[in-house]
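**Q** Have a look at this one before I ask anything.
The values are calculated or read from the model by the stated rules, or taken from the named source; none is laboratory data. This structure is a prediction, so every number in the text was calculated from the model and none was measured. Cβ placement follows ideal geometry from the backbone for every residue including glycine, while neighbour counts extend to all protein chains displayed.
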């Protein structure tokens with residue numbers, strides 16, 4: 001990287017723009033598109049050198065010399081040539097992008113459990129594997145390796161990136177994952193995505209993989225798109241994720257997250273409808289836990305749901321109050337809104353149902369897309385459930401702040417008061 005930077009800093013601003021144009025052309029012919037962000041003069045050259053090193057590794061020196069040759073700067077070519085060893089000057093060759101091959105059968109993948117550290121913050125998932133084809137049973141991330149491999153990854157927030165993707169015509173299509181290979185090499189990586197591909201034409205042209213770097217974003221063509229993954233061969237790693245052209249109004253896989261407030265004489269739920277994004281789920285869980293809410297784990301919707309669609313939540317119990325009346329499923333919210341469900345006396349089990357209307361019809365009827373049963377043992381620390389458990393079946397409620405619901409103190413008979421040791 002330092003050697004490339006030494007060459008770039010001798011280029012004028014006009015020559016640097018020409019260098020970037022030639023680089024863009026070379027990248028796209030190999031399956032990449034580079035979108036640089038504005039930097040100050042020195043930082044722009046340094047970050048460009050960093051991106052090239054990340055993309056091409058040792059071959060980045062040869063790529064730089066090839067571009068300088070096209071720019072007719074033999075002086076800088078010679079400077080770079082003299083500073084680099086012969087072993088570092090290798091022609092840039094990359095496997096052809098855009099091929100579509102038959103997906104491996106799910107039985108061919110060995111599901112493995114990661115080692116998880118920093119659980120309370122942003123968890124780090126680590127693996128050690130021999131040669132083979134593996135799938136992480138946390139994220140669905142898949143990889144192929146031909147020898148021993150050690151790597152780790154974290155989920156990253158899309159915050160700050162989604163708006164930038166929108167300006168270049170793309171939307172997030174999967175979780176943003178930062179993968180770091182410690183030893184060995186990943187031959188193929190299959191990144192999970194949350195898009196329903198049934199209505200998407202030209203899959204290979206519609207999907208890309210986004211690499212996020214400090215100085216810019218790199219869009220890489222994918223080798224294959226399946227119902228659940230996009231494939232890269234001989235991948236390079238940085239924070240990366242599947243993205244899709246924003247011309248499509250897509251359907252996606254979603255999570256419904258339910259939290260309740262314990263130690264109250266009523267039942268209060270926070271219900272979130274979000275993309276199937278582990279980083280966003282971790283963020284929501286951290287926020288809810290910080291204010292004392294506890295999670296009620298339920299299956300997520302089995303159907304794909306339409307982005308930008310309005311959804312209504314209903315609770316099948318007479319005393320339930322739900323607000324707001326409707327929420328819209330959005331791409332760009334990293335601080336998602338939620339339904340608040342308030343039930344004064346949750347004396348029985350009830351269903352929560354998510355409904356939506358067909359947006360193509362002006363007065364379409366709402367139809368259910370997901371339902372779950374909330375049982376009394378799902379929220380053991382709230383309302384009548386906690387009170388009954390603590391009093392052996394009594395119906396007094398458990399709010400420590402309400403005189404109405406407090407258990408009366410034991411009454412001492414006057415004739416016995418004098419016999420009691422104070």
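**Q** Have a look at 204, 191 and point out the one that is surrounded by fewer than 19 Cβ atoms within 10 Å (Cβ to Cβ) and either in contact with a strand residue (DSSP E or B) (Cβ under 9 Å, 6 or more places away or on another chain) or in a strand (DSSP E or B) (or both).
**A** On the way: 191 fails: surrounded by fewer than 19 Cβ atoms within 10 Å (Cβ to Cβ).
None of the other options fit; the residue is 204.
**Q** Looking only at segment 152-167, how many residues end up being modelled with pLDDT under 90 and assigned to a loop (DSSP other than H, G, I, E, B)? Give the derivation first.
**A** Here is the first cut: in segment 152-167, the residues modelled with pLDDT under 90 are 159-167.
Those left that are additionally assigned to a loop (DSSP other than H, G, I, E, B): 159-161.
Residues in segment 152-167 being modelled with pLDDT under 90 and assigned to a loop (DSSP other than H, G, I, E, B): 3 in total.
**Q** Please tell me if residue 186 is closer than 26 Å to residue 23 by Cα, touching a strand residue (DSSP E or B) at 6+ places or on another chain (Cβ under 9 Å), assigned to a loop (DSSP other than H, G, I, E, B) and at pLDDT 90 or above. Even if it seems obvious, please write down each step before you answer.
**A** Values: closer than 26 Å to residue 23 by Cα: yes; touching a strand residue (DSSP E or B) at 6+ places or on another chain (Cβ under 9 Å): yes; assigned to a loop (DSSP other than H, G, I, E, B): yes; at pLDDT 90 or above: yes.
Criteria met by residue 186.
**Q** I'd like to check which helices (runs of 4 or more DSSP H) are fully inside segment 1-111 and have at least 1 residues that are closer than 21 Å to residue 217 by Cα and either assigned by TED's automatic domain parsing to the domain that holds residue 226 or at pLDDT 70 or above (or both). Break it down stepwise before answering.
**A** Details: elements: 2-8, 13-29, 41-56, 60-70, 74-83.
Of the helices (runs of 4 or more DSSP H) lying wholly inside segment 1-111, those with at least 1 residues that are closer than 21 Å to residue 217 by Cα and either assigned by TED's automatic domain parsing to the domain that holds residue 226 or at pLDDT 70 or above (or both) span 2-8, 13-29, 41-56, 60-70.
**Q** Got a sec? Which of 116, 124 is under 30 Å from residue 216 (Cβ atoms), under 18 Å from the mean Cα position of the chain (by Cα) and either outside the structural domain of residue 290 (by TED's automatic domain parsing) or modelled with pLDDT under 95 (or both)? Spell out how you get there, then give the answer.
**A** On the way: 116 fails: under 30 Å from residue 216 (Cβ atoms).
After ruling out the rest, the residue left standing is 124.
**Q** What strands (runs of 3 or more DSSP E) lie completely within segment 208-320 and have 2 or more residues being crowded, with 19+ Cβ neighbours inside 10 Å?
**A** Details: elements: 216-221, 229-233, 239-245, 254-260, 267-275, 294-296, 310-315.
Of the strands (runs of 3 or more DSSP E) lying wholly inside segment 208-320, those with at least 2 residues that are crowded, with 19+ Cβ neighbours inside 10 Å span 216-221, 229-233, 239-245, 254-260, 267-275, 310-315.
**Q** Filter segment 144-167 down to residues that are surrounded by fewer than 16 Cβ atoms within 10 Å (Cβ to Cβ) and farther than 25 Å from residue 283 by Cα, then give me how many there are.
**A** 5
**Q** Select from segment 190-205 the residues that are over 13 Å from residue 247 (Cα atoms) and at pLDDT below 85 and list them in ascending order.
**A** none
**Q** Next question. Determine whether segment 168-182 contains at least one residue that is over 18 Å from the mean Cα position of the chain (by Cα) and either surrounded by 17 or more Cβ atoms within 10 Å (Cβ to Cβ) or assigned to a strand (DSSP E or B) (or both). First the steps, then the outcome.
**A** Residues of segment 168-182 that are over 18 Å from the mean Cα position of the chain (by Cα), as a first pass: 168-169, 181-182.
If we keep only those that are either surrounded by 17 or more Cβ atoms within 10 Å (Cβ to Cβ) or assigned to a strand (DSSP E or B) (or both) as well, we get 181-182.
The answer is yes; a qualifying residue exists.
**Q** Being surrounded by fewer than 16 Cβ atoms within 10 Å (Cβ to Cβ) and either touching a residue at least 24 places away in the same chain (Cβ under 8 Å) or on the phi > 0 side of the Ramachandran plot (or both) narrows it down to one residue among 335, 351; which is it?
**A** Working: 335 fails: either touching a residue at least 24 places away in the same chain (Cβ under 8 Å) or on the phi > 0 side of the Ramachandran plot (or both).
Unique residue meeting the criteria: 351.
**Q** Got a sec? Which of 305, 267, 280, 275 is in contact (Cβ under 8 Å) with a residue 24 or more places away in the chain and within 14 Å of residue 352 (Cβ to Cβ)? It would help to see each step written out before you state the result.
**A** On the way: 305 fails: within 14 Å of residue 352 (Cβ to Cβ); 280 fails: within 14 Å of residue 352 (Cβ to Cβ); 275 fails: within 14 Å of residue 352 (Cβ to Cβ).
None of the others qualify; the one that does is 267.
**Q** Spot the failing condition for residue 196; the list is (1) buried (at least 20 other Cβ atoms within 10 Å of the Cβ); (2) touching a residue at least 60 places away in the same chain (Cβ under 8 Å), and only one is missed.
**A** Result: residue 196 passes all but (1).
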